[in-house]
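Report on the structure given below.
We did not get these values from a lab; they are worked out from the coordinates using the rules stated. Nothing here was measured: the structure is a model prediction, and the numbers come from that model. When we count neighbours, we look across all protein chains shown, and the Cβ atoms used for this are built from the backbone with ideal geometry, even at glycine.
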Amino acid sequence: MKKYLLYLIITLLTVTDGCKCGSGGDNGAVTPSAAIPEVKIGVTNPVNMGDFSLTVDISDVLNAAGIYFRLYFDPKNIQVKDKNKPVNSVEEGLFFNQGGITTSLMVNFLDQNPDTGCLIIGLSRAGGKTGITGSGNILKFTFTTITAGTTSVKFTETASDNSLFTPELENISSVKWTNAEVIVK
């Protein structure tokens, strides 16, 4: 029995050592790599003077129950349409509402001051019992142009200010946060 167990262990070690999983080696074994979740700002450039839409979309996420982030822009170039009540300038996408679950949305300016050019956004599924997997639209913002030119809209570079989380309130790691340029003509 001991000889058979030792032979089995040696055979497993030899087979495992020879496996080139994920490398596409000649043994044909390929382990699919997990996609990195991405949260991306979207805009169709160029935009005309006046109101325009900016979206925040998510892709390749597993078990997400909510998101929290800071969105920076130059208030001398663009501004949310209703800067007195910024939540009126935001529409929820369908991603977090899947399965008929209600959501909770919070939108405000940093220090409640529109001149900071920083929106603080939080969106989560009510109850927090189930997360969503996949891709889709999270939010759509209505901005107003102030001046012509090119300006950035970006997520903060501080990792603790951007968070995608599970129903257990654990951060989803390795999220790619993609910024955008807005070209106003």
- Item | Extension gain (nm, one decimal) between ILE183 and ASN88, 0.36 nm per residue minus Cα-Cα | 31.8 nm
- Calculated FRET value between GLN112 and GLU38, using beta carbons and R₀ = 35 Å, to 0.05: 0.70
- Item | Relative contact order [Cα under 8 Å, 6+ residues apart], segment 31-122, whole percent | 27
- Message: Can you compute the modelled spin-label distance between THR147 and ALA126, with each label point 7 Å from Cα toward Cβ, in nm?
- Response: 4.4
- Query: For segment 64-185, what does the alpha-carbon gyration tensor say about shape, rounded, prolate or oblate, given a ≥ b ≥ c as the root eigenvalues, a/c under 1.5 as rounded, and a/b over b/c as prolate?
  - Reply: prolate
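What is the local net charge at ILE172, summed over the other residues whose Cβ is closer than 12 Å to its Cβ (Lys, Arg +1; Asp, Glu -1)?
-3
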- Taking segment 40-185 and dividing mean pair separation by its residue count, relative contact order in percent (alpha carbons under 8 Å, at least six apart): 40
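Which entries of LYS76/LYS129; LYS81/LYS129; LYS40/LYS185 have Cα-Cα distances beyond 30 Å here? Intermediate results must be reported in sequence, preceding the final value.
Details: LYS76/LYS129 42 Å; LYS81/LYS129 34 Å; LYS40/LYS185 23 Å.
The pairs that break the limit, which is 30 Å between Cα atoms, are LYS76/LYS129; LYS81/LYS129.
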- Task: List LEU105, LEU94 from most exposed to least, where exposure is judged by having the fewest other Cβ atoms within 10 Å.
- Result: LEU94, LEU105
- Query: Using mean Cβ contacts within 10 Å as the protection proxy, how do 45-51, 139-145 order, highest first?
  - Reply: 139-145, 45-51
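With only alpha-carbon atoms in the gyration tensor, what are the semi-axes of the equivalent ellipsoid for segment 55-120, in Å, largest first?
Here the semi-axes work out to 25, 13, 10 Å.
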